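S.K.: Take this structure, written in structure tokens, and hold onto it; I'll ask about it next.
Taken together, the values in this text are just the output of simple stated rules run on the coordinates, not laboratory data. Just so it is clear, the structure is predicted and the values come from calculations on it, not from any experiment. Methodologically, a virtual Cβ is constructed for each residue, glycine included, from the backbone with ideal geometry; neighbour enumeration extends over all protein chains shown.
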Amino acid sequence: MSENELDPARVARARTAFASVPYAKLLGLELGEISPGDASIHLVVRDELKQNQGVVHGGAVASLIDTAAAFAVLSQIEISERVTTTDLTIHYLRPVSSGRLTARARIVRGGRRLFVLSVEVTNDQQILVATAVTSYIKLQQNA
């Protein structure tokens, strides 16, 4: 196995974890590729995800970004460890009204407790529609 591949147990863990997130199911998120410190999540645009101007609601894009980041972190932590988002800054660059969005999250820096990630969201034509910086913190075992 190369350093760019995730061991099969971690891939299985990610797929099981993803399948158990009710909010991801509600939005229609799809788990894409996952590798060490990197994950992609897809979202097919549908009317229920649009705001009254006919474009995808920013909250749906934020959820896509947050989920991709969470799974990039999941690829790097132990099975017993848990994390949560501490901040999320998004720059919406273009409106989206149709097609499929892909969020690719990558860990920029992972420390003992804090992870900083960069996320890019592209459309079907690989055009950048949003960028984000987010961080996650490991939760204390008995918190």
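S.K.: With each label point set 7 Å from Cα along the Cα-Cβ vector, what nm distance links residue 51 and residue 11?
M.R.: 3.9
S.K.: Please build a GNM for the chain, connecting alpha carbons under 10 Å apart, and tell me which residue among 41, 90, 65 fluctuates the most.
M.R.: Residue with maximal mean-square fluctuation among 41, 90, 65: 90.
S.K.: With P(r) over Cα pairs in 5 Å bins from 0, in percent as the read-out, I listed (1) 2, 10, 21, 22, 21, 13, 7, 3, 1, 0; (2) 2, 9, 17, 22, 21, 13, 8, 5, 2, 1, 0, 0, 0; (3) 2, 8, 16, 18, 15, 13, 11, 8, 5, 3, 1, 0, 0; which label goes with the value calculated from this structure?
M.R.: (1)
S.K.: Taking the chain as the reference, fit the longest principal axis to its C-alpha atoms, fit the long axis of helix 58-74 to the helix C-alpha atoms, and give the angle between the two in degrees, 0 to 90, nearest 10.
M.R.: 20
S.K.: Pairs of Cα atoms under 8 Å, at least six residues apart: use those to get the relative contact order of the chain, whole percent.
M.R.: Relative CO of the chain lands at 23 percent.
S.K.: Given labels modelled 7 Å from the Cα in the Cβ direction, how far is it in nm from residue 137 to residue 23?
M.R.: 1.8
S.K.: Moving on. Note down the nm distance, to one decimal, between modelled labels 7 Å out along Cα→Cβ at residue 4 and at residue 124.
M.R.: 2.8
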